[in-house]
Amino acid sequence: VQVLVPGSWFQSEDWKELVEGKDASTTLAAGSKDLYHVQISSLQPETKYSIRLVPPADAARKWSLHCECETLGRPQRSSPPRCLARWPEKLQIEWKVRTPTGAPILECQVQLYSQELFSLWQDVFALEDVAVADSKGSKATDHEETWSAVIPNLKVATSYHFRVKARNTVGWCTDFSDEEVCRTSEPPDPPSKLKILSRKPGKVEVEFEFTDADGCPVSHIEPEYCLKQPEGGIAGVIPGESADGIGYILDAATWWWQTPLNFQVSLQDAEASAPTRSKDVRRAMVTVGELKPEQTIWLRLWAVNKAGRSLQPSQPLACRPSDRPAKVDDLCCIVRGATWLEVQWRTRDPDGAPVLECSVEVSRENFLSTWIPLARSCLWLCGRSTWRARAIGLTTESDFRVRVRAKNEVGWSVAEPAQISCRTAERPHKPRQLQCVEAGRNHVRIEFKVPSNFGQEERVSKVRVEQAGVLVWNELPSQCLDFEPMETVESSAMEPTVEDVDLGPFWNAELTLRAFAVVVRSLEPNSHYTFRLDVANEVGWSRKSEPFACHTVCRPDTPQLREGQHQVPYELRICWDQRDPLGGAISESEAQICESSLFTLFSGWAAPKDFLLLRQPTLHDMVCEDEELAISTTWVASFGCLKPGVEYVMRIRTGNIAGWSEWSEPLKAFTARPPVISRCLLAQVPGNMPGSQPDWIVDILMDERGSRTFLCAVDFNCTLRDASFVDTTSCMKGSTVARHIINSSWRARFPGELLPAGNQKMVVTVSAASDAGWSPSIHKASENPDVQDSQGKAPSWDMPSAATSPSALPAITELGHSLKAFLATVEEKLRDGQKEIASLSSAASSTPSRWTDAQLQRLSGQADNLDRAREALGYLKAVDEKPERCESWLAACGDRVAYKQRVIEQERAAVNSHAVRQGALWEDLRQDGCETAGLLADFQLLLEGCIWLEHVRNKQLDPLWARLCHISGDGKGKPDTAATEPSVGQHPARVVRLWAEKREAWAARFDAQLVSVTKQAITSAGQLLATARSVPRLPDSTSLDGFLRSALVVRTEAAEVSHSALACFEPAFCAELREQTLQVMSALKNLRTSADSQFRKLNRALQLLAVASQGEASVSATDGGAHSFPEVSMTDKLSQTALGLILTMVMPVPGTVELGVVSIGALWLQGDSAGKHLVVEHSRTPDFDPLGRFQQQPRPSVRKLIASWTQDTAPDADVASNEATATPENSQPVAGTPGTSGTVLVHNAASRMITVPCAATKPQKRLKSVQLSTPAPPSHS
């Protein structure tokens, strides 16, 4: 082992070998064979050494091991000491020391010096509670310890500087730690937040807050008080002056602060077990006693602990013990008697000194009277602070003064006593607000109110009534009076009126009115009276009331009629406002009506056939004193079963138990009239598609005149101005319906692409329909000036521009939209009607006494009619979901038409034979004995027929025709195809083209008829529905006597009335409605029959083409197929004409020229009859049965011939079947040998000439042409 010795000035560094056993000791580590420990001694502390191990000098192998080591050193510099706890005379500090591992700390040195002048660092020898603890920050190379100690014998509230250093086994640390300042505990802060908790006579309790100084809690509180105003402090009281002005100039407390002689502090001792470091707020209370009454003092507090008293006192707090009571509040007289008064007041208890007693004194209302105190037994406490007193033995209707003061422990109240003026009970005030609430034939009931005397128990027990005579007032005997006090009491806080001047000193108090009633009997009926009243109590009679006029029951006033809003075209409504006379409500009424004419005044008035009286009061059971403000009732009367579009004159009168009123002034009103087209505008607007022809629009403005328009029909005629003659290319006519746009505006649009191209001239005819019928038609032509000026402009009324209007649709489609709109309008009307009936029924149930049995029966009938109509309308809205009804409608319509015709014939026969008819009137308009059901059944049949016609037209005929054209391979879209084909071809285009021409003609005719009939059907349906709603319900014969004079009964014979409710309508109206319904229903039936016939024809044509398709599938194109008969061309006609002329000239037989001319004319005039037929190839297969496809059975001979034909296997045989309009049962087979080559089997259905051309299938075979003919006209070839 060698150690490197550092060099010096005189010696270079060199390795020194250590002597084993003296300087170094080498040992083998325990449990190891080759690990050695070397311990080197005699080294210097805090020195770094370089050590190496080398083998002995004689070792064969040279090696060396090097390392550097350092001996242990002194402790590191300590951390600055910090203060852990403070006390008044000692401090606890803590510091941390770090020393090398293996050199533990042996001791520490603490020095301090104070901040006093000339203070020096001093060693602290008397350390207490020294503690050492290991720190968590120790490492493997060094060790950290935490030291703490208590330094005693210090001065209070003094700051000290501390520093420390440590010593270990090596020695003392070279430097002290940094300085740290610590301070011993200080005096506390002054108390704060002083507030008065309570005041009592001669003492106050004050609460305050304080905080303990760190390490030294507050031990006690020292209070001080002063009467002198503190400097810059509280103002308001002169120093030494009490609240009542008494001065205390000689009191020492007036000039400086004094300690109270009697005080008590409730202070909780702080825990002394550990020093307090947190400044927690503590609360305490100080009670200062033996204070002078009502004297204000200023109180301040000092906080004291072991360190001394706080440097500053607290802020002064003005304190005052309890005061004497203040002036009493709310002194009032609550009850007044004839000889006594009861007063009430409230006291306010001073803080800490409640009121103990009160004093009440009474005096007359004059200056010479003396105050008389009340005995203590007349006073009592009735609440927490409410007192009452009663003064007895007073004079009646006299004024008195009452004053009150209060007393507590401090003394009597010093302020001026509260005082009021009172008056003993007095006689009642005069009655006011008189009103007659009930009037009878011989009595009236008068209610009035009497103001209650303020604070007086009102006991009104008598009443007197005086009637105004000619010169004097006459008192009515008490036997005619029934006096009744009422429980109604009203309070009024309004401004006083002139009538309140008699309320005395209490006129501005809350006015209380008590209600009374008196019934005056033994009066004359329908008479006016003037009364005045006075009442009495225990004191005496009141003054007379103001004169009051009333009357017994009077007759109703004359009604003032005005026209109301009617719902159906056969109804008129009138309204009037009429109040019920008091005591005599209107119980009956009578109405009369007649048609307006120049001789109305001289014509006879008649009772209405259908009259319903409705009463709708605006106020319920309210009457008032003024008759002008009496209850007003709005009355509504309905006149039904009238003629549409007729002006009527109506009048009415009402009655009660006193009699009838005068007849009202006659009121003229029109029933609903057909609409009038007030404005019509024809304009040409750009088309919807770019580059298309302009469209024409027609804007119509309606004047509906009492009935809503539901259909507007427009007929148009468009021609070209420059056309030389009129044909289908230069003229077009049609019909459509306008569409409802807004309010009363309608618009129709005609597409330009369907009109003739060129300079067009348009003429339109417009008409509208409502429940009342069709309007007059108006014509509008494009040459009119307003049309030229309106090009491209919007109409002047509220109408959207043409650009926003919907595109033009076919007339059938537009009619479908109109039908749906009509159903929606009908539904809206029925819904409004049901709401009205429901409101009337609710009014009838709430006031059943106001409604007669006839009115209730009429309401029930209207409700039933509306329910039936809604049911029929619901059926029509859901009819599309029942396709099976489409087939049964025709039978139902036919039965209904036959029934109507039969009833009409019976009625005509009865009229012609002058026999008395025993059945019901208008039986054809009834169903199951009900007129409403019959009318609604017709309404349903008409609209259902329109719906099904549109369905058949759009859903059956059009798809079937499209399918037929698709199967045939041609249609109306390819009319020129057949012209390019040979006369005998394989394609039936010529037949289909002829079919298309017929179908177009039929469709145009059918559409025009459908549009016309549908318009009439909708109009008739509207009139039927309106009539069904207006049909009255006739009463039973047993209840006819109970009707009013304005009841619903028609003024006819009882037998006739029992027949039918339709007898209430005019016979001409019913006859017209019957005829129109029958006519429209028959037209719908015929149209449906025509549509079904066309449907069957299209089906037969479709079946024929299907047979042709089946035949074509079994034969080749070269052998034959479906053929059209050859058309006679122009060349054939010219050649035959030339041949006929030649024969005519060369044959000198008489009559030849005439016969030739007729033949040539017939040739040129003959139509293309052969184009109607189609030749279909007959297949050899057994399952090919063309006759069976048409549900026809051939004769046995024909069946045998066909069987032998189909069994023949001849390869060259052909069969053709000629199908026409005749039946195959009448066909005769052509004689021939079946199965032979060149033989043709023909099913001939008409007398036609049939030409069978034959073509050679092989060049070397020679065939013969055979022509078989049946009887035919000579012109046929």
Next on the checklist: Test of the criteria: in the range 381-412, which trypsin sites (Lys or Arg not before Pro) are in a DSSP loop and have at most 10 other Cβ atoms within 10 angstrom of their Cβ?
Outcome noted: R384
Checklist outcome for this item: Neighbour-count ranking for H566, H66, H817 (other C-beta within 10 angstrom, fewest to most) reads H66, H817, H566
Next on the checklist: Whole angstrom only: what separates the Cα centroid of the range 304-351 from the Cα centroid of the range 73-136?
Outcome noted: 64
Checklist entry - Could you give P(r) for the range 25-166, binned at 5 Å from zero, as whole percent values over all Cα-Cα pairs? => result 2, 7, 13, 14, 12, 10, 8, 7, 6, 5, 5, 4, 3, 2, 1, 0, 0
Item to check | Under 13 Å, Cβ to Cβ, from Y113 - net charge with Lys/Arg +1 and Asp/Glu -1 | outcome: -2
Checklist entry - What list do you get for T174, T671 if you sort them by fewest beta carbons within 10 Å? => result T174, T671
Next on the checklist: Step by step: find N for the range 82-183, compute 2.2 N^0.38 Å, then divide the Cα radius of gyration by it. What's the final number?
Outcome noted: 1.12
Item to check | Average Cα contact separation per residue, the range 2-70, under 8 Å, 6 or more apart, as relative contact order % | outcome: 25
Checklist entry - Among 39-52, 934-947, what's the highest-first ranking by average C-beta atoms within 10 angstrom per residue? => result 934-947, 39-52
Next on the checklist: How far apart, in nanometres, would the label points at M285 and I904 be if each is projected 7 angstrom from Cα along the Cα-to-Cβ direction?
Outcome noted: 11.3
Checklist entry - K96: which lysines have alpha carbons under 24 Å from its alpha carbon, excluding same-chain residues fewer than 8 sequence positions away? => result K136, K139, K165
Next on the checklist: If you filter the range 139-212 for trypsin sites (Lys or Arg not before Pro), then keep DSSP loop positions with at most 10 other Cβ within 10 Å, what is left?
Outcome noted: K139
Checklist outcome for this item: Ranked on Cβ counts within 10 Å of their own Cβ, fewest leading, S587, S745 go S587, S745
Checklist entry - In the range 168-231, what GluC sites (Glu not before Pro) fall in a loop by DSSP, with at most 10 other Cβ atoms inside 10 Å? => result E231
Checklist entry - Using a simple charge model, +1 on the beta-carbon of Lys and Arg, -1 on the beta-carbon of Asp and Glu, nothing else, what dipole does the range 1-132 show about its Cα centre, in debye to the nearest 20? => result 400
Checklist outcome for this item: Rounded to two decimals, the Debye log10 I(q)/I(0) of the range 336-468 (Cα scatterers, no solvent) at q = 0.14, 0.17 Å⁻¹ is -0.75, -0.95
Checklist entry - With no solvent and one point on each alpha carbon, what is the Debye value of log10 I(q)/I(0) for the range 2-70 at q = 0.13, 0.19, 0.22, 0.29 Å⁻¹? => result -0.46, -0.93, -1.17, -1.41
Next on the checklist: Suppose we take every Cα in the range 59-108 and form the convex hull; what volume per residue is that in Å³?
Outcome noted: 98
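Throughout, read-outs are computed from the coordinates displayed, never taken from laboratory work. A quick note: this is a predicted structure, and the numbers were derived from the prediction, not measured. Positions of Cβ are generated from backbone atoms using ideal geometry, with glycine treated the same way; all protein chains shown enter the neighbour counts.
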